[in-house]
Amino acid sequence: MNRSPALAVLVLAVFAASAGCTDTGSERTTLMVIPAGSLLAPLEDIEAAFESQHPEIDVRIEGHGSIQAIRQVTDLRREVDVVLVADASLIPDMMYLPMSEGEGNYTDWYVPFAGNEVVVAYTGRSAGADEITAENWYRVLSRPGVRVGFSNPMLDACGYRAIMVTALAEEHYGEPGLFEAVIGGSFNPPITAVRTDGITTIALPERMRPADEKVAVRDGSIYLLSLLDAGGIDYAFEYRSVAEEHGLRWIDLPPPINLGSAEHADDYRRVHVNLGFQRFRSIGSERIGQPIVYAMTVPRNAPHPDEARMFVDFVLDAFREGKAGWPDPVRPDPEAATVYHATD
Amino acid sequence: MSLVRRACLPLIPVLIGVLALAAGCTGTGSADDYPAWNLTLAGDQERVLTHPELRALPAAEGYGYSVSTVGIKYGPNRYRGVLLADLIEMAGGAGTDDLIYVSAEDGYLWVFDRDQVNGKEFFTFDENLREVTPPPLRVILAYEQDGKPLAYEDGGPLRLVVISENSDVITEGSSWVKWVDRIEVHRK
């Protein structure tokens, strides 16, 4: 017996056994997709449908908050094929910048594909559940014994959007003190909505730690849903799609305050939230109200740009069809998807 | 000795070498593998601690198990490091209303209050991510995970970790700052 082939076989066998730690599917292309948390449920459906059409591609989904999703590419230098965020403006703000390694920007384009709106989610056991309506919701949430939850604005776009919606509501309904009654008064010192020259500004403290049990702040939406289930809170500010996906009841808020209407973009822009500190060196701490628009891009250094483009097209098609519990398609016209470039 | 055994004997050193190469993916290492890394402590005055100086301080150990904002769980693992409270004392201490800014090489910053430095005011979860009453918690600046130097991909050489005596207690990952290089006391 020739020893060389035996050696080769043994070495190959050892490498094969140890291959699990580097790549489990060498015959399939692994497509790394990083979506915002509120897209995880739709992306799971889309992943399955895409892989059934493209069995040669293994889609890996890793959810993060929108800013953290982008930072995987920029600050953390990971190789990512597709990034999908819940705030379209983050892509030009954080990715139309020169790459730290290589030539060109992290990306020069994005495509909006869905929208959403903030709602007040609740269950049949919530205090006031039998009387809350789209007309009186803010009065119910203002009651001292009614507990309200939202995600931490430092960590989740839905969190600072909850703050914006409540501040906009105070003006929309002409109810001075509404913001403090629902949210601000539960902090020490109270968080206030200050109006100057037509702009409402809310300055948040470094630590979003309520001083009483009326308000609950958690890291992300899933923890609020868990609290709602357990009766730890009565109402939570959530995206409409999240409330629908989880089978909750919800109150639709008027378009001038729900951050879901492009027609009211000018109204939304009048509310500013200053986060308590700059969590990331790569993005400032001021958030300005604007319509909620989901967008995606393929980073310039994506390892599989062709497959990534196929996936982007697939996501666009899937959202055009839509589904209960998903964010709404950004445009009803299936041919109207618009790609925004750095030069636009 | 059979033909097969005679053929395989010379291969043993080769196989050992191959296995050693492959072992790189499992993160083995010795105490000598700690990288060069400094921590700046800024309080009443500013001082820099080297990694060996940190490791020479009294250490605390416990289980750490975190969850991301979207529900991805990491752990449980066994961690060893220096109590954040001890480091704050070295920086001159913190008053009731003072805040602790913990920042990292990658530009990340998270802010703690004094209660948190002492392990209070954290939310804890069970395996199903239902909130549970927090057991005693401690916050450490960890340099070891499961008896090995904390790897860079896990947030090493220094990462803030919330530990407890129970391996099934999950804490919010937002406070688990990776790649910590500065701890600063902000006076109020």
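For chain A, the longest principal axis of the C-alpha atoms and the axis of helix A:3-18 are separated by about 10°.
Helix A:305-321 axis versus longest C-alpha principal axis of chain A: approximately 40°, rounded to the nearest ten.
Charging the Cβ of each Asp and Glu at -1 and of each Lys and Arg at +1, and nothing else, the dipole of segment A:118-288 about its Cα centre rounds to 520 debye.
Want the number for A:Asp93 to A:Glu263: 0.36 nm per residue separation, take away the alpha-carbon distance, what's left?
Numbers: separation 170, 0.36 × 170 = 61.20 nm, distance 2.27 nm.
Result for the pair: 58.9 nm of gain on full extension.
Around the Cα centre of chain A, unit charges on the Cβ atoms of Lys, Arg, Asp and Glu (plus for the first two, minus for the last two) sum to a dipole of about 1080 debye. The portion of the accessible surface of segment B:29-188 made up by carbon and sulfur, rounded to a whole percent, is 45 (1.4 Å probe; DNA, RNA and ligands excluded).
Could you tell me the center-to-center distance, by alpha carbons, between segment A:305-322 and segment A:105-166 in angstrom? Between the Cα centre of segment A:305-322 and that of segment A:105-166, the gap is 28 Å. Considering all C-alpha pairs of segment A:165-215, those separated by over 18 Å amount to 27%. Sorting B:Ser164, A:Ser282 by accessible area puts them as A:Ser282, B:Ser164; the probe is 1.4 Å, largest comes first, and only protein heavy atoms count. Considering only B:Thr133, A:Pro144, A:Ser52, whose Cα is most displaced toward the positive end of the charge dipole of the protein assembly as shown, charges sitting on Cβ of Lys, Arg (+1) and Asp, Glu (-1)? Checked the options; the winner is B:Thr133.
The interface between chain B and chain A buries about 3200 Å² of solvent-accessible area in total (1.4 Å probe, ligands and nucleic acids excluded). When the Gaussian network model of chain A links Cα atoms closer than 10 Å, the mean-square fluctuations of A:Val194, A:Val118, A:Val312 top out at A:Val194. A 25 angstrom limit on the alpha carbon distance is what I want to check against. Which of B:Lys73/B:Lys120; A:Lys214/A:Lys323; B:Lys73/B:Lys178; B:Lys148/B:Lys178; B:Lys120/B:Lys178; B:Lys120/B:Lys188 exceed it? The pairs that break the limit, which is 25 Å between Cα atoms, are A:Lys214/A:Lys323. Note on A:Thr30 and A:Leu76: the model spin-label points, each 7 Å out from Cα along the C-beta direction, lie 1.5 nm apart. Considering only A:Ile61, A:Ile163, A:Ile292, give the residue with the highest GNM mean-square fluctuation for chain A, with springs between Cα atoms whenever their separation is below 10 Å. Result: A:Ile61 has the largest fluctuation of those listed. Can you tell which of B:Leu158, B:Val102, B:Ala56 lies farthest toward the positive end of the dipole of segment B:45-186, using +1 and -1 charges on the Cβ of basic and acidic side chains (Lys, Arg; Asp, Glu)? After comparing all options, I get B:Ala56.
A simple spin-label model places the labels of B:Thr40 and B:Thr133 4.3 nm from each other, with each point 7 Å out along Cα-to-Cβ. Surface calculation, 1.4 Å probe, protein heavy atoms: A:Ser151 sits at approximately 0 Å² accessible. So what does the Cα-only Debye profile of segment A:118-288 read at q = 0.11, 0.13 Å⁻¹, as log10 I(q)/I(0), no solvent term? Evaluating at q = 0.11, 0.13 Å⁻¹ gives log10 I(q)/I(0) of -0.40, -0.57.
With all protein chains kept in place, the per residue accessible area of segment A:118-288 amounts to 38 square angstrom at a probe of 1.4 angstrom. Using a probe of 1.4 Å on the protein chains alone, the accessible area found for B:Glu121 is around 90 Å².
Axis angle, to the nearest 10 degrees, between helix A:157-172 and the longest C-alpha principal axis of chain A: 20 degrees. Converting phi to 3J(HN,Hα) with the Karplus coefficients 6.51, -1.76 and 1.60 and the offset θ = phi - 60°, segment B:92-103 yields x, x, 9, x, 3, 9, 5, 10, 10, 9, 10, 10 Hz in sequence order, with x at every glycine or proline.
Partner shielding of A:58-67 amounts to 2, given as the average count of beta-carbon atoms from other chains within 10 Å of each residue beta-carbon.
Each listed q (0.14 Å⁻¹) maps to a log10 I(q)/I(0) for chain A, found by the Debye formula over equal Cα scatterers with no solvent: -1.13. Picking from A:Pro210, A:Pro144, A:Pro35, which is most flexible by a Gaussian network model of chain A using Cα springs under 10 Å? Evaluated over chain A, the most mobile residue of the options is A:Pro144. Taking the DSSP bridge list for chain A and keeping only pairs wholly inside it, about 60 percent are antiparallel.
Close amide-amide hydrogen proximity is noted between A:Glu117 and A:Arg240, A:Ser241, each under 5 Å apart and 5 or more residues distant or on a separate chain (H modeled in the peptide plane; Pro and chain starts excluded). P(r) tail for segment B:89-188: Cα pairs beyond 18 Å make up 50% of the total. Karplus-based coupling profile of segment B:148-159, in residue order and whole Hz: 10, x, 5, 6, 4, 5, 9, x, x, x, 10, 9, with θ = phi - 60° in 6.51 cos²θ - 1.76 cosθ + 1.60 and x standing for Gly or Pro. Counting heavy atoms of the protein chains alone, A:Tyr96 has an accessible area of about 40 Å² for a 1.4 Å probe.
The values are calculated or read from the model by the stated rules, or taken from the named source; none is laboratory data. Quick caveat, the model's predicted, so the values are computed rather than measured. So basically every Cβ, Gly included, is an ideal-geometry build from the backbone, and we count neighbours across all protein chains shown. Surface areas here come from the heavy atoms of the whole protein model, side chains and all, with no ligands, DNA or RNA. Shrake-Rupley method; radii C 1.70, N 1.55, O 1.52, S 1.80 Å.
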